[in-house]
Amino acid sequence: MSDSDESLRTRLLVALGKSDVLRREGRADRIVWLRQHQIEGGLHVGLMDTMTVLGEAPACFIEGHYVAVLMLAVAFIEHTLMDELKARGFDGKVRNLGAAIERAEEMNVFPADLLTRATALRKIRNPFAHLDADDEYSFGNRYIERRVHPETILEQDAKDALEVMYAMFRLTLGN
């Protein structure tokens, strides 16, 4: 490492230490909230992709990366719906998450209220994934409508996404 890299690294460590102190209380609050929803103990086995997003979503939440939480949790929801449809003998292809939710409703894969919440998350996720600023569910439009701090909106989105993710996971475990 060059002297300039070492100097930069030293300055970064000091700055990161200060940042950690400023962010610590929020992280603690998010960990406390998260503990109410996570599944305790045991070994959970599944597809590597699915289990990876299940693990990364709460890590992102703790750090306050709310859009990442939404994207990861909705990916988990989609994976879980596809797996459950397949396990129930559905051998057809579904073209997107909306179609998977519709098929899951028809086949009573999960409770209707949980699938309604998954639909709401899909609508919130889509403008982030597909860039449609005119979409009524785009972050900008939701901010204008609600007139609250943007982080408040994103944090609630993340919490909603985690709740649905863990509810579906819990149901697949039979808990």
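Read the figures in this text as sums done on the coordinates, not as results from a lab. All figures in this text were calculated on a predicted structure; none of them were measured in a lab. Neighbour counts run over all protein chains shown; Cβ positions are idealised from the backbone, glycine included.
Within the chain, which is the longest segment containing none of the trypsin sites (Lys or Arg not before Pro) that sit in a DSSP loop and have at most 11 other Cβ atoms within 10 Å?
On the way: sites that count: Lys93, Arg95, Arg147.
Within the chain, the longest run free of exposed trypsin sites (Lys or Arg not before Pro) spans 1-92.
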Treating only the Cβ atoms of Lys and Arg (+1) and Asp and Glu (-1) as charged, compute the dipole magnitude of the chain about its Cα centre; round to the nearest 20 debye. 240
What longest range of the chain stays clear of loop-exposed GluC sites (Glu not before Pro) (DSSP non-H/G/I/E/B, at most 12 other C-beta within 10 angstrom)? 41-135
Which distance in nm do the two modelled labels at Glu145 and Ile39 give, with both placed 7 Å along the Cα-to-Cβ direction? 3.2
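Please give the calculated 222 nm ellipticity per residue for the chain, where each DSSP H segment of at least 4 residues contributes -39500 (n - 2.57) and the sum is spread over every residue; nearest 500 deg cm²/dmol? Kindly include the intermediate steps, with their values, before the conclusion.
On the way: 7 runs with 132 residues, N = 175.
Here the helix-only value at 222 nm equals -25500 deg cm²/dmol.
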To make sure I understand the rule: partners must be lysines, Cα under 30 Å from the Cα of Lys123, and not fewer than 8 residues away in the same chain. Which ones qualify? Lys86, Lys93, Lys159
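Using r as the Cβ-Cβ distance of Arg24 and Asp83, and R0 as 30 Å, what FRET efficiency do you calculate, to the nearest 0.05?
0.20
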Per-residue ³J(HN,Hα) for the range 102-114, Karplus 6.51 cos²θ - 1.76 cosθ + 1.60, θ = phi - 60°, Hz, x for Gly and Pro: 4, 5, 5, 5, 4, 9, 6, 5, 9, x, 4, 5, 5
Taking N as the number of residues in the range 1-154, what is its alpha-carbon radius of gyration divided by 2.2 N^0.38 Å? 1.32
For the chain, build the charge dipole from Cβ charges (+1 Lys, Arg; -1 Asp, Glu) around the Cα centre, then report which of Asn108, Leu97, Val164 sits farthest towards its positive end. Val164
